[in-house]
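Visitor: First the structure, then my questions, so here it is.
The values are calculated or read from the model by the stated rules, or taken from the named source; none is laboratory data. Every value quoted in this text rests on a predicted model; they were computed, and no experiment measured them. Backbone-built Cβ (ideal geometry, glycine too); neighbour counts: all protein chains shown.
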Amino acid sequence: MTNRVTGIKDADVVFITGSNTTEAHPVMGMYVRQAKRMGKKIIVADPVRIPLADIADIYLQINPGTSVALTNGMLNVIFAEGLEDKIYMSEHTEGGEELKEFVKQYTPERVAKICGVKEEDIIEAARLYAGSKKSYIAYAMGITQHLNGTDNVMSLSNLALVTGNLGHDGCGVNPLRGQNNVQGACDMGALPTDYPAYQKVFVPEIQQKFEKAWGVPLNPNKGLTVTQVIPAILEDKVKLLYVMGENPVVSDPDTEHVVHALEKAFVITQDLFLNETSEYADVVFPSTAFAEKDGTFSNTERRVQRVRKLAAVKGECKDDWWTIMQIMNRIGYKCHYDKAEDIFNELRTVTPSYAGITYKRIEKEGIHWPCPSEDHPGTPVLHTKGPIRNGGKGLLKTMEWQPSPETENKKEYPITLTSCRILYHYHTRTMTDRTRAVHFTAPRNWIEINKEDAAEMKIQNGEWVEVTSPRGSVFVEARIVDTVQPGVAWMPFHYAGGANVLSDAHNLDPISKIPGYKQIGVKISKVSSKKAKALENKADKAEIMYYVNENPDAIRFKEQSVEDMIAAEEAKMLKGAPNLIDELDKEGEEFTKSEDYKIKEQSLISWCRNDNRKKARKGKVGWQPK
Amino acid sequence: MVKLTINGRQVEVEKGSTILKAAKKLGISIPTFCHDDHDRFSNAECSKCDGIYQCKICSCEVAGSKELVTACDTEAADGMVVLTESEKVKSKRKEILERIVSIHPMDCVNCVKLNACKLQKYCELYGVKDKEKETPHIVRNKDMSNRFYYQELEKCIRCGRCVRTCRELVGVNALTMVKVGNLNYVMPNLSDKVYKEKLGIKGDKEITAEMKLKAYNDGLVGMADTDCVSCGNCVSVCPVGALMPKSENEFREWETKKVVTTCTYCGVGCQIEYSVKDGKIVDAKPANGPSNQDLLCVKGKFAYDFINHKDRLKYPMIRKNGKHSPLERVSWEEALDFAANKIKEVKDQFGPDSIAGFSSARTINEDNYLFQKFLRAAVGTNNVDHCARL
């Protein structure tokens, strides 16, 4: 982010695009609502009618993947009406004339057609945005996770540069970063082309600097990105994969493809839990959780903040850095650190933007990088003296809008699926799903379909549907909504065997190598009632299993819906009626064959027959605390 | 700047500061219930609501003024002489507390909020020992309908902080207050349409506050019917035990120690104050971090159960005989040697670029730094990336 998180409250106009802020960054969503209360103007552009659209002054329900066209259209209006900041442009940017000429073809009329929104709204949004020197752009994965994601981002930066909305409070181009330390991981050089602080691996002087610091010769070749490693394993180029705190089976595109790769490579994982990825791991190291270690996180506004050890370490868990240090020593690179702070003090010496940050300085409050020296206060707002770009001025690039190849085959795959985040879950659910209340709020996957589409396909609310893409198909529950346009559907990203079974791993953004999660061509079809019943049973069963695993006898606040489900199950068993498992059809049978399932099944039955439990149920179960 | 005297001590504060702020500067604490510690509630809102949110517990004596003034919204003026603990003030506060206590269940020993309760603290301070009389009021039932927290509104002291936090800071507006008789009652904020549906009323019949309260008491409506996003900020600001997390952890305030750390979920970087008992997290509250300003979301406030979950990995495991063999528990030494030998073997046979690593956007900077150093310096490849794109 170029600006502060709280800067969104200082802005006069907030332009939110490709971010469901209240769900994915809830506290920031609260600030947007506070800003609205203060009378600030809100513009929202998103294919899904997100909650913030309801409070927006202008809501543009654009077609998925048309952000470049929208921004070009807005720029067209800005130039046509002379709303650009001519002084800022001449002082701080280059390529302005070309851009002005280029966007002439993106008339509001044409853009309205591409985006599927009203012409007046585009003009109004452009006037509103350009009419203020405090216009704050907030975007997230809805902008980046496209095959033209880089273009989307650059076009937003054009918008800010042309109107001079950069370099002071309450404006800027602000990507809301999804993970707690995704900013830090990038800063620390966990990127295939960058050493810490974005120093490029292929620049000889930089290489020499790090060779001197680390005392070994280094490799000048660019590495592979996450999305390139998986195909490289399948092509036999990569033989061993070390995964620290990640769950690629769920988070990476095209699950089947990922699983094939993990079966082939030697996989080392380091995690808190056994997850979908560790099923393919050869070695599993247990790690400490964030509450069990000291260290630092860098948040989305580049603020480096302390993480403190406060809980006792479980079992033989070790800090991640300790495990890596042990491996490094064993493969012949001698190093030793006593605590995380030692590593931090080392990384400061090679990371210029962190050089002035110490644990002592951030004890009370974090500091924004760049912070080059210990007397530097940190930099909450970037580009205050004009855009920084290798000594040059801010570059305005011309970006042509291109439809995604995913949406080309309308005949076979008529629906554009976009994957989204939901409030309650986090990424691949390994952490959030262990909180019962979260689990039961959003226990299983679903898809949201426009009501017109649903009527055409004769799908009812709550029915099971099969969603198919060229990569595979998934069975999910349908929710009929009017928050998406006909021809568009959305599905949460979090669930294993969900959206990423459908996504494509081969077509990537040419620059950032990001997969096009927000535009997946799919078809949706009803399933037979028999199949639907089997799926329903399987899902119910999974709920009960989850509950049993949580030890219901010790739970103080019972989950009424599952209690009812168990009671029904128990009643059936007592009557001697065939239990649900026998009713499963073929798809269900496969599932019941697994050893794991049988064990759980047994434990469920014995638990249901437990006399104590029955006694407990006679009392008032569930709704009162002990 | 204005100069004023509080309890005989002089203090200088910026123009526009309240008496409360000035007292705080001197280290003098004035009791508050309805006041937001960071002055984030708009005063306009307060007057709009007939002053129903004014608890007046912060009343102070100002020389030259007959009436006591409320410290939280009275501007400090030059030459003002303020007494925060005079006899007059004390008796006024005692009177307010007695009024609250007359509707409040005095079952403190069984209350989870024991020792963290503001009402309890002030009662002790101003000598309110027990209920002297009982104010007639509508008895409230518990609302357990939300999965993350419950409401025990019989304990509510009607300060309105939950309502205003939800309305003004969170912006969801899931809570409201209704007036029945002389008393305010905190209620889920639902439209008349919902009440009509639940009560089976058709037509234009007006829904009165009594009907709403009854529907709520009967469990026909609850927090689960509102737009509530379960962020739990209302729970965090409740000065008494009326709004409590549905926590499995049994603890009392004095058994815990507090540690502030950074939240582990999204990138906003909220600061959380965890209560820790015997090395185990038992409660979470927002801290006043620069990017979260005393607010949290549902994940930060409630989703910390994974840390103590029984499914946590507790020891290293390896598959001794390939992918289809089971994971077996081994010692750290054995697991580390097993992994390191394989890395060495692959590196020697196929070169460093045949090894790749995924670092993590979920762990600390130090881990990430060492991970990329491990691949670059120890293995010799740039095949290191993390889930930034996903």
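Visitor: Condition check: of a type in the set (S, T, N, Q), more than 26 Å from the chain's Cα centre (by Cα) and at the interface with chain A (Cβ under 7 Å from one of its Cβ atoms). Does B:Ser354 satisfy that? Reasoning before the result, please.
Guide: On the way: of a type in the set (S, T, N, Q): yes; more than 26 Å from the chain's Cα centre (by Cα): yes; at the interface with chain A (Cβ under 7 Å from one of its Cβ atoms): yes.
The answer is yes for B:Ser354.
Visitor: Just checking, which of A:Ile123, A:Ile78, A:Ile137, A:Ile143 is without any contact (Cβ under 8 Å) to a residue 60 or more places away in the chain and β-branched (Val, Ile, Thr)? Working first, answer last.
Guide: Working: A:Ile78 fails: without any contact (Cβ under 8 Å) to a residue 60 or more places away in the chain; A:Ile137 fails: without any contact (Cβ under 8 Å) to a residue 60 or more places away in the chain; A:Ile143 fails: without any contact (Cβ under 8 Å) to a residue 60 or more places away in the chain.
When all the criteria are applied, what remains is A:Ile123.
Visitor: I need the full set of residues from the range B:263-281 which are crowded, with 21+ Cβ neighbours inside 10 Å and closer than 19 Å to A:Lys314 by Cβ, in order please.
Guide: Keep residues of the range B:263-281 that are crowded, with 21+ Cβ neighbours inside 10 Å, which gives B:263-272, B:274, B:281.
Across the range B:263-281, the qualifying residues are B:Thr264, B:Tyr274, B:Ile281.
Visitor: Among A:Tyr88, A:Tyr129, A:Tyr106, which is farther than 30 Å from A:His425 by Cβ, touching a Phe, Trp or Tyr at 6+ places or on another chain (Cβ under 7 Å) and in contact (Cβ under 8 Å) with a residue 24 or more places away in the chain? Step through it out loud before you land on a result.
Guide: Working: A:Tyr88 fails: touching a Phe, Trp or Tyr at 6+ places or on another chain (Cβ under 7 Å); A:Tyr106 fails: touching a Phe, Trp or Tyr at 6+ places or on another chain (Cβ under 7 Å).
Just one listed residue meets the conditions, A:Tyr129.
Visitor: Please go through (1) buried (at least 18 other Cβ atoms within 10 Å of the Cβ); (2) modelled with pLDDT under 95 for A:Thr323 and return the number of the only condition it doesn't satisfy.
Guide: (2) is the only condition that A:Thr323 fails.
Visitor: Then there is this: Name the one entry in B:Lys314, B:Lys347, B:Lys373, B:Lys320 that is within 25 Å of A:Asp236 (Cα to Cα), among the basic types (Lys, Arg) and at the interface with another protein chain (Cβ under 7 Å from one of its Cβ atoms).
Guide: Just one listed residue meets the conditions, B:Lys373.
Visitor: Which residue pairs have Cβ atoms closer than 9 Å, lie 6 or more positions apart in sequence or on different chains, and pair a first residue in the range B:319-345 that is aliphatic (A, V, I, L, M) with a second residue that is exposed (fewer than 15 other Cβ atoms within 10 Å of the Cβ)?
Guide: B:Val330/B:Lys320
Visitor: Output yes when any residue across the range A:473-486 is more than 30 Å from A:Asp271 (Cα to Cα), crowded, with 21+ Cβ neighbours inside 10 Å and either among the β-branched types (Val, Ile, Thr) or not assigned by TED's automatic domain parsing to the domain that holds A:Pro552 (or both), and no when none is. Give the derivation first.
Guide: The first filter runs over the range A:473-486 and keeps only residues more than 30 Å from A:Asp271 (Cα to Cα), leaving A:477-486.
Adding the requirement that they be crowded, with 21+ Cβ neighbours inside 10 Å leaves A:478, A:484.
Then keep just the ones that are either among the β-branched types (Val, Ile, Thr) or not assigned by TED's automatic domain parsing to the domain that holds A:Pro552 (or both); that gives A:478, A:484.
For the range A:473-486, residues more than 30 Å from A:Asp271 (Cα to Cα), crowded, with 21+ Cβ neighbours inside 10 Å and either among the β-branched types (Val, Ile, Thr) or not assigned by TED's automatic domain parsing to the domain that holds A:Pro552 (or both): present.
Visitor: Identify, by number, the condition in (1) crowded, with 24+ Cβ neighbours inside 10 Å; (2) in contact (Cβ under 8 Å) with a residue 24 or more places away in the chain; (3) in contact with a helix residue (DSSP H, G or I) (Cβ under 7 Å, 6 or more places away or on another chain) that B:Pro316 doesn't meet.
Guide: (2)
Visitor: Out of curiosity, is A:Ile122 more than 18 Å from A:Arg4 (Cβ to Cβ) and buried (at least 23 other Cβ atoms within 10 Å of the Cβ)? Full working, then the answer.
Guide: Details: more than 18 Å from A:Arg4 (Cβ to Cβ): yes; buried (at least 23 other Cβ atoms within 10 Å of the Cβ): yes.
Considered against the rule, which asks whether it is more than 18 Å from A:Arg4 (Cβ to Cβ) and buried (at least 23 other Cβ atoms within 10 Å of the Cβ), A:Ile122 comes out as yes.
Visitor: On the given criteria, is A:Asp271 among the charged types (D, E, K, R), buried (at least 24 other Cβ atoms within 10 Å of the Cβ), within 20 Å of A:His494 (Cα to Cα) and within 23 Å of the chain's Cα centre (by Cα)?
Guide: Working: among the charged types (D, E, K, R): yes; buried (at least 24 other Cβ atoms within 10 Å of the Cβ): yes; within 20 Å of A:His494 (Cα to Cα): yes; within 23 Å of the chain's Cα centre (by Cα): yes.
Against the criterion (among the charged types (D, E, K, R), buried (at least 24 other Cβ atoms within 10 Å of the Cβ), within 20 Å of A:His494 (Cα to Cα) and within 23 Å of the chain's Cα centre (by Cα)), A:Asp271 qualifies.
Visitor: If you don't mind, there's one more thing I want to ask. Which numbered condition trips up A:Ala53, out of (1) surrounded by fewer than 24 Cβ atoms within 10 Å (Cβ to Cβ); (2) in a loop (DSSP other than H, G, I, E, B)?
Guide: Only one criterion is unmet by A:Ala53, namely (2).
Visitor: Hey, can you tell me all the residues within the range A:284-320 that are closer than 16 Å to B:Pro316 by Cβ and within 7 Å of another protein chain (Cβ to nearest Cβ)? It would help to see each step written out before you state the result.
Guide: The initial filter retains those residues of the range A:284-320 that are closer than 16 Å to B:Pro316 by Cβ, namely A:284-288, A:313-320.
Scanning the range A:284-320 gives A:Val284, A:Phe285, A:Pro286, A:Lys314, A:Gly315, A:Glu316, A:Cys317, A:Asp320.
Visitor: Taking the stated definitions as given, is B:Ile272 within 7 Å of chain A (Cβ to nearest Cβ) and either of a type in the set (Val, Ile, Thr) or closer than 30 Å to B:Ala339 by Cβ (or both)? Spell out how you get there, then give the answer.
Guide: Working: within 7 Å of chain A (Cβ to nearest Cβ): no; either of a type in the set (Val, Ile, Thr) or closer than 30 Å to B:Ala339 by Cβ (or both): yes.
Against the criterion (within 7 Å of chain A (Cβ to nearest Cβ) and either of a type in the set (Val, Ile, Thr) or closer than 30 Å to B:Ala339 by Cβ (or both)), B:Ile272 does not qualify.
Visitor: Right, next: Out of all the residues in the range B:38-53, is one or more at pLDDT 90 or above and either on the phi > 0 side of the Ramachandran plot or among the aliphatic types (A, V, I, L, M) (or both)? Write out each step before concluding.
Guide: Narrowing the range B:38-53 to residues at pLDDT 90 or above: none.
The answer is no; no qualifying residue exists.
Visitor: Give B:Thr262, B:Thr256 a once-over and let me know the one that is within 28 Å of B:Asn288 (Cα to Cα), within 13 Å of chain A (Cβ to nearest Cβ) and touching a Gly at 6+ places or on another chain (Cβ under 6 Å).
Guide: On the way: B:Thr256 fails: touching a Gly at 6+ places or on another chain (Cβ under 6 Å).
Checking each option against the conditions leaves just B:Thr262.
Visitor: How many residues are facing another protein chain (nearest Cβ under 8 Å), out of contact with any Gly (no Cβ under 9 Å at 6 or more places or on another chain) and not polar (S, T, N, Q) when one looks only at the range B:279-294? Walk me through how you get there before you give the answer.
Guide: Of the range B:279-294, the ones facing another protein chain (nearest Cβ under 8 Å) are B:279-281, B:289-293.
Among the residues that remain, those that are also out of contact with any Gly (no Cβ under 9 Å at 6 or more places or on another chain) are: B:279-281, B:293.
This time we only want the ones that are not polar (S, T, N, Q), so: B:279-281.
Selection size over the range B:279-294: 3.
Visitor: Kindly check whether there is at least one residue in the range A:261-273 that is on the phi > 0 side of the Ramachandran plot and at the interface with another protein chain (Cβ under 8 Å from one of its Cβ atoms).
Guide: Let us first name the residues in the range A:261-273 that are on the phi > 0 side of the Ramachandran plot, namely none.
Among the residues of the range A:261-273, not one is on the phi > 0 side of the Ramachandran plot and at the interface with another protein chain (Cβ under 8 Å from one of its Cβ atoms), which makes the answer no.
Visitor: Under 7 Å by Cβ, and 6 or more places apart or on different chains, what pairs join a residue from the range B:182-197 that is more than 19 Å from B:Ala242 (Cβ to Cβ) and in contact (Cβ under 8 Å) with a residue 40 or more places away in the chain with one that is of a type in the set (Gly, Ala, Ser) and part of a helix (DSSP H, G or I)?
Guide: The qualifying pairs do not exist here.
Visitor: Which residue pairs have Cβ atoms closer than 7 Å, lie 6 or more positions apart in sequence or on different chains, and pair a first residue in the range A:209-222 that is free of Cβ contacts under 8 Å to residues at least 40 places away in the same chain and facing chain B (nearest Cβ under 8 Å) with a second residue that is of a type in the set (Val, Ile, Thr) and surrounded by 15 or more Cβ atoms within 10 Å (Cβ to Cβ)?
Guide: A:Asn219/B:Thr381; A:Lys222/A:Thr193; A:Lys222/A:Val201
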